[in-house]
Structures are given as structure tokens and as C-alpha cells.
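The values are calculated or read from the model by the stated rules, or taken from the named source; none is laboratory data. Nothing here was measured: the structure is a model prediction, and the numbers come from that model. Counting neighbours? That spans all protein chains shown, and the Cβs are built from the backbone with ideal geometry, glycine included.
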Amino acid sequence: MELKHYYRQQFLELIEQFEHHWEEDLLYQYGFRWNSYANSTYKEIFQITHFRDETLYMIYTIELPESYKNTNMSDVVKNISSTYELSMYYLSDKILLSACVSIEHLQQTSLGFLNQARGELIDLVFSAIQMHFI
């Protein structure tokens, strides 16, 4: 069994037990991707991604609405220390915040990574909101 299939199966088993709201995107071409709309404020995306000869990566992303562009989110992301590679993308109608780790550096289950990355990204969002209103 390929490593990406192992982690997919692990994620499927864990979300069956703990987070039923994830929906797999069967059209994703670079591994596996799931979407969640369980939170009314933002969309969540979880990916197990593999590009050709590169390492396998897990990526957790939150999609924030355009209103978050009025915060200093980019300053917060630039100045944070994380065990993950953090990315932020500004699009016309939203902001994407992502945490990424290669499987080589993964130290927990796929759902463990998702929950830790979720916590870090949500902390970033609240820090940016808090600094915006001070």
C-alpha cells in the first residue's frame, strides 16, 4: 500500500469516529482532499498531497471571508513561530491560511495534525482580530 493511501485510510477511519462532517473531493488530482463547512464562519480544507517525485504533504487550510482583509492578518502570520510551514493567500473574495507538514516530519496521526494546525490557525485569526480592535 502506498503511503498516501495509508494516510487516507487513517483519516477516513478517524473522521468516521470523531468528525463526521468532512466530505471527500473526488475530483482532486494531486492526492486526496476533503472539505468541511461545519463552521459557519469559515470553510476548512484538508489535503494529503503528492506532486510527482516530491515528498507527501499534509495541508490544512481555512478559508476566511473577505471581511478578514481589514485585519492585520499578514503581520501576524509573518511574525509567528510554528512547527508547520504557514502560508497566506489573498484572493478577491477571501483569504486562505494554510499549515503544511511533510510526512517525513509528521509526529502525530492525520487528524492529530489537523487539530493542531486548526488550533494554530484559529489562534492567528483571533490574534489578528484582537490587534485590529486595539
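Exactly one of these conditions fails for residue 39: (1) within 17 Å of residue 112 (Cα to Cα); (2) modelled with pLDDT under 95; (3) in contact with a strand residue (DSSP E or B) (Cβ under 9 Å, 6 or more places away or on another chain). Give me its number.
(1)
Quick one: in segment 1-47, which of the residues that are aromatic (Phe, Trp, Tyr) and either free of Cβ contacts under 8 Å to residues at least 40 places away in the same chain or part of a loop (DSSP other than H, G, I, E, B) (or both) is surrounded by the fewest Cβ atoms within 10 Å (Cβ to Cβ)? Working first, answer last.
As a first pass, look at segment 1-47 and keep what is aromatic (Phe, Trp, Tyr): 6-7, 11, 18, 22, 28, 30, 32, 34, 37, 42, 46.
Applying the additional criterion that residues be either free of Cβ contacts under 8 Å to residues at least 40 places away in the same chain or part of a loop (DSSP other than H, G, I, E, B) (or both) yields 6, 22, 28, 30, 32, 34, 37, 42.
Working: 6: 14, 22: 21, 28: 15, 30: 14, 32: 20, 34: 21, 37: 12, 42: 20.
Here the residue is 37.
Which residue is modelled with the highest pLDDT, if the candidates are limited to segment 63-90 and must be among the hydrophobic types (A, V, I, L, M, F, W, C) and under 17 Å from residue 41 (Cα atoms)? Please lay out each step first, then the result.
So the first thing to find is which residues in segment 63-90 are among the hydrophobic types (A, V, I, L, M, F, W, C), and the list is 64, 73, 76-77, 80, 86, 88.
Of the ones still in play, those that are also under 17 Å from residue 41 (Cα atoms) are 64, 73.
Values: 64: 88, 73: 75.
Per the stated criteria, the residue is 64.
What are the residue pairs meeting all of these: first residue in segment 51-79, first residue over 12 Å from residue 124 (Cβ atoms), second residue among the basic types (Lys, Arg), Cβ atoms under 8 Å, and 6 or more apart or on different chains?
So the pair list comes out as 56/4; 60/118; 63/43; 63/94; 65/94; 66/94.
Would you check if there is a residue in segment 93-103 being in contact with a helix residue (DSSP H, G or I) (Cβ under 8 Å, 6 or more places away or on another chain), free of Cβ contacts under 8 Å to residues at least 12 places away in the same chain, assigned to a loop (DSSP other than H, G, I, E, B) and not hydroxyl-bearing (Ser, Thr, Tyr)?
no
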